[in-house]
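Take a look at the structure set out below.
The values are calculated or read from the model by the stated rules, or taken from the named source; none is laboratory data. Bear in mind the structure is a predicted one, so any value in this text is a computation, not a measurement. All Cβ positions, glycine included, derive from the backbone under ideal geometry; neighbour counts span all protein chains shown.
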Amino acid sequence: MDAIERTMRTYDQIAEEYCRKTERQGDREFQEKMLDRTLSFLPPSPRIIDLGCGDGRDTQYLQEKGADVVGIDISRGMIDLARKKYTECAFLRSDMRDTVFPNDTFQGAWASTSLSNIPKSEVSRVEKEVYRILEQGSIFCFSFKVGEKEGFEESIVEGFETYQSYYTLEELKRELNLFDVIDSREYPEEIFNNSFMYCWARAK
């Protein structure tokens, strides 16, 4: 069992508790500011994909703001939860490394910490797939844990482990060479004992 499948199975088991904890302890106001910043780069009513959508809270927010959005997640537990919580939104169980969407489907991609669950050896596959499904010049917003390590570590749900990759901004700029980083913001404080950064990148 590879790292992504093992992590997916963990999220299938802990989806509801994980999302309760992140919703309670996270800074929703700041997250929504980052979503609004993403929308500011895009045309009205943009077509957006939410990569690793979890329980769908960001998908729902983007839809409320007028986006034509679909949320995807590899975890069946997360997708089932999202469909239950936000019945008016579109969700699809899918691997962000290999989606079903045609070329140039979307004008924006949002990935809130979902790159953190991808081994560094696989991040180029994610980049190529996101680039394929975005129109030229589109925006890819992603957030990540700041650091240099990777491997399994204890989840915020006690007794479970998930794979976590940490990056520096310069490292991700090198890895995502199909995109130009045009803006970045640090999360104002540590959350879950980690530092986070948000980046906006334009498809070349």
### Message
Residues that are acidic (D, E) and crowded, with 19+ Cβ neighbours inside 10 Å, at least 1 per element: which helices (runs of 4 or more DSSP H) completely within segment 1-109 meet that?
### Response
57-64
### Task
Determine, yes or no, whether R125 is touching a residue at least 24 places away in the same chain (Cβ under 8 Å), surrounded by fewer than 17 Cβ atoms within 10 Å (Cβ to Cβ), among the basic types (K, R) and in contact with a strand residue (DSSP E or B) (Cβ under 6 Å, 6 or more places away or on another chain).
no
### Task
Pull up segment 141-162, narrow it to residues that are among the charged types (D, E, K, R) and within 10 Å of S116 (Cβ to Cβ), then point me to the one that is modelled with the highest pLDDT.
E150
### Query
Out of (1) of a type outside the set (S, T, Y); (2) surrounded by fewer than 14 Cβ atoms within 10 Å (Cβ to Cβ); (3) within 14 Å of the chain's Cα centre (by Cα), what's the single condition that is false for P188?
(3)
### Summary
By residue number, the members of segment 129-152 that are of a type in the set (K, R) and within 15 Å of the chain's Cα centre (by Cα) are K145
### Selected residue (only one of G108, G147 is out of contact with any helix residue (DSSP H, G or I) (no Cβ under 6 Å at 6 or more places or on another chain) and closer than 22 Å to Q60 by Cβ)
G108
### Task
Only residues that are in contact with an Asp or Glu (Cβ under 9 Å, 6 or more places away or on another chain), among the charged types (D, E, K, R) and farther than 17 Å from P46 by Cα: list them for segment 133-156, please.
E148, E153, E154
